[in-house]
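Read the figures in this text as sums done on the coordinates, not as results from a lab. Not measured: the values here are computed from a predicted model. In this analysis, Cβ positions are derived from the backbone assuming ideal geometry, glycine residues included, and neighbour counts consider all displayed protein chains.
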Amino acid sequence: MNDSPAAATSADPRAADRDAPADIPCTHCGLPVPPGLIDPNREEQFCCHGCETVYGVIHGHGLERFYDLAEQENAQGVQAKTTDKSYEEFDDPAFEKLYVRALPDGSRQVELYLEGVHCAACVWLVEKVPIVVPGAIETRLDFGRSAAMVRWDPNQTSLAKVARFLDSLGYAAHPWRGVQVRDMRRAEDRKLLIRIAVAGAAAMNVMVIAFALYGGMFGGMEPQFRTLFRYLSMAISIPAVLWAGWPFYRGAIGALRTRALHMDLPVAIGLTAGLVSGSINTLRGVGEIYFDSVTILVFLLLCGRWVQNRRQRSAADAAELLYSLAPSSARCLRDGQWREVPVESIESGDVVEVRAGDSIPADGLVDEGESELDLSLLTGESVGVSVKPGDRVHAGTVNLSSRLIVRVEGTGENTRVGRLMKLVEDYARRKAPIVRLADRISAYFVAIVLVLAAATFVVWRILDPAQAVDNALALLIVTCPCALGLATPLAVSVAIGRAANRGILIKGGDVLEILARSGHMILDKTGTVTEGRVALVRWMEDGATGNGVTTLRRRVAALEAHSSHPVATALAKLGDNERHTPAVSHVRQLLGAGIEGVVDGQRLRVGTASYVLGDESEKLPPWAADAVDAATGDALTPILVTVDGRVAAVAAMGDPIRDEARATIERLRALRWDVELLSGDHPAIVAAVAKQLGLDADSFTGAAKPEDKLARVQALSGGGPVVMVGDGVNDAAALSAASVGIGVHGGAEASLAAADVFMTRPGLEPIVELVVNARRTLRVIRRNLIFSLCYNLVGATLAMTGLLNPLIAALLMPASSITVITSSFRHGAFHGNE
């Protein structure tokens, strides 16, 4: 501790956490109990009120076996979180229409997303709900998705009662959104699985028959058995190729209709050539049949498509989990009473109550109350904005401090958020599909193969008419681009799967090909390069007041704990894990200015200079004036602390820049990306942040509205890939319009919906990892394509010169595919730190 005047000390609330004793575990979750919460007169000790509540509920209903299961599993401790929600909206007719399904036996069923699920013991506890709640018939928990299927009898209980009990166990419930989309995906997956099963069964049976026919070539076989086996192979192969392989034919037909040749067309040509020629030879009774190679290739190609679809779906599903955490209810005045109702049921003219900490559910005008709003998700501003009666407020913003009564003017698509989301949908539809590298190659490949096959037939028709058909057929079979078709999807699906394991969820494989190139990257500020929260950045204290640094901080924290303002919340953390809480009385708060009270017998004032000093705000001590000037110069907010009327400390508050932000930007530049900062914050704040990040004057823009961000992305779109990185609703339209939109950890629902990539890990380092490994993946794709093209070149040469007959060509075809599969699974993208 430095007690000299104007001693500057660096505020690090985490230091207290490191010094806190950890020898007394929480009776419920096992985590350390903060010293201030230890009760020496009790046997049970709890780290938070939530754990104490859940412990009481579990013991009160005879569910103590939960702790035995958790101990057997060595489950990692997680603090229990309960809420005081009534879940009234779950019983509203509008909610039932959206989420609840009526079953034939009269019961009801719904799927809920549960927060706090962390181990198998949670599954046991959730599935015991019907024993405790009369009328609850069944609860099944999908541990991997934290999704609970709840079935109940509406004549005996309500969904709200079931949800309240789940909440009392520490599992806050939310409606699972997008159920219809998920059911449609499941139906598509089932169809593809059936096709794979048919193709696999056909391939195995045809291979068994092929072994018999190959054995007959060397050991002899009766003609009638040979004919029977050939016809059996044909009978099995035709439905396997034409029905199971129909997705490739459908894609080929679409390619011909749109005159955009892609990989499905040469695959369909190769499969058709093998099937038709084998069928003709079977009917003629002479010549080779290729049914074994054709059926195994259909099976392998379908498996590759399945793997790719599942990898991409898992990324999209993981992002959809976060959609279920968005607010689903609002407090609306109905029949003279405040009721929790689904947000979908709010109409223009309704009056809603927005309590401190709640999101505003619709656009409207403030009728009653004064407060501050967090507009960061909508405008990017990290500082709260004051509102009073008559001011307009927007859906999606968060009420920070005091209760507001809002008269609704616009809901759904008629809100500002709704209009932004409409822009997201429009640009998602307009975004031109990326032509993948393999598809670009296949457009030329198809034309070249067909020309070579025709030339082979014509030339051999002149040289040796008996060999013309076989040589042309051998060319078509050996150049079937199955390896070319597997080169991209397998490498991409493996990369997407590994990326998901590292907290990078990629919704489409074309993202990797775009990021492998260089272009322009736009970074949002709030929540992207900064931490997106108000925090203490610097603490300057006057040692002449006689207060030690720890003592004064502890007293400030105790006073600020009586306020819910973001600045107060940040300062209150300075007292975390303290053994003794100072006595606080006579607390008075002035909205938007500060707070005062008596702490340990001394009067403390914390707030703006005009609030704490009144008319003498210009008479700051020199050291305090210097501290205020330094904070203002760094675009920080200076907060003064006075003790009995004397300035004792200056706290510089702001949105801290992430530790790795500057290094990340330098690394992106080294990877040949042009990086710029685009923010809705005040230009002075953006300029200060840009300076610390090492950005030039022409590489940052402040006061950018959502429409400005969209316009900037559009302006850059003609000069190569444009990547937008953001986290808020104000970024959603730009994310959707960009070549690749990246939603960072902690982002808003709208940004997740619009983004092509979502980071579940905090910070900017995953962006560098994504770019580096996208290039690695593209190298693997190019390696696979080069091998495939070289194989086709050699095979085509041998076929055209008559050195390769159709049988050998059919045997070589699967070998190339197996080589590509091995190469795809052995590459090192997303295997570890880049």
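Model label sites at Glu64 and Glu347, defined 7 Å from Cα along the beta-carbon direction, differ in position by 5.4 nm. For Asp153 and Asn41, the FRET efficiency from 1/(1 + (r/R0)^6), where r spans their Cβ atoms and R0 equals 60 Å, is about 0.85. Compared with the direct C-alpha span, the chain from Asp84 to Ser585 gains 177.7 nm at full extension, assuming 0.36 nm per residue.
Note on Phe143 and Ala197: with the Förster distance fixed at 41 Å, the Cβ-Cβ geometry gives a FRET efficiency of about 0.90.
Take the alpha carbon gyration tensor of the stretch 636-732, find the square roots of its eigenvalues, order them as a ≥ b ≥ c, and report rounded if a/c is under 1.5; if not, report prolate when a/b exceeds b/c, else oblate. Prolate is the answer for the stretch 636-732, as a/c is 1.5 or above and a/b outweighs b/c. At q = 0.21 Å⁻¹ the log10 of I(q)/I(0) for the stretch 698-739 amounts to -0.62, computed by Debye summation with a single uniform scatterer per C-alpha, solvent ignored. Scanning residues 5 or more positions from Thr27 or on other chains, those with amide H under 5 Å from its amide H are Gln45, Phe46, Cys47, with H placed 1.01 Å from N in the peptide plane.
The distance between label points at Leu333 and Arg190 comes to 4.9 nm (points 7 Å beyond Cα on the Cα→Cβ vector).
Computed from the Cβ-Cβ distance with R0 of 30 Å, the FRET efficiency linking Ala670 to Arg533 stands at 0.50.
Rounded to the nearest Hz, the phi-derived 3J(HN,Hα) couplings of the stretch 447-454 under the Karplus curve 6.51 cos²θ - 1.76 cosθ + 1.60 (θ = phi - 60°) are 4, 5, 4, 5, 5, 5, 5, 5, where x marks glycine and proline.
Karplus-based coupling profile of the stretch 98-103, in residue order and whole Hz: 7, 10, 9, 10, 7, 9, with θ = phi - 60° in 6.51 cos²θ - 1.76 cosθ + 1.60 and x standing for Gly or Pro. Peptides 42-49, 787-794, 244-251, 678-685 ranked from most to least packed by the mean count of surrounding Cβ atoms within 10 Å: 678-685, 244-251, 787-794, 42-49. Tell me the net charge near Ala697. Cut-off is 13 Å between Cβ atoms, Ala697 excluded, with +1 for each Lys or Arg and -1 for each Asp or Glu. Every neighbour counted, the sum reads -2.
Applying 0.36 nm per residue to the separation of Ala235 and Val385 and subtracting their alpha-carbon distance, the gain on full extension is 46.6 nm.
The label-point distance for Met221 and Arg779, in a model that sets each label 7 Å from Cα toward Cβ, rounds to 4.8 nm.
Taking amide H atoms as placed 1.01 Å from N in the peptide plane, the amide H of Arg334 lies under 5 Å from those of Arg339, each 5 or more residues away in sequence or on another chain. Per-residue Karplus couplings for the stretch 511-521, computed as 6.51 cos²θ - 1.76 cosθ + 1.60 with θ equal to phi - 60°, are listed in order as 4, 5, 5, 5, 5, 6, 9, 9, x, 10, 10 Hz, Gly and Pro entered as x. For Met521, the residues 5 or more places off, or on other chains, whose built amide H falls under 5 Å of its own are Asp674, Val675, Glu676, Val723. Highest mean packing first, where packing is the average number of other Cβ atoms within 10 Å per residue, the peptides 356-368, 447-459 line up as 356-368, 447-459.
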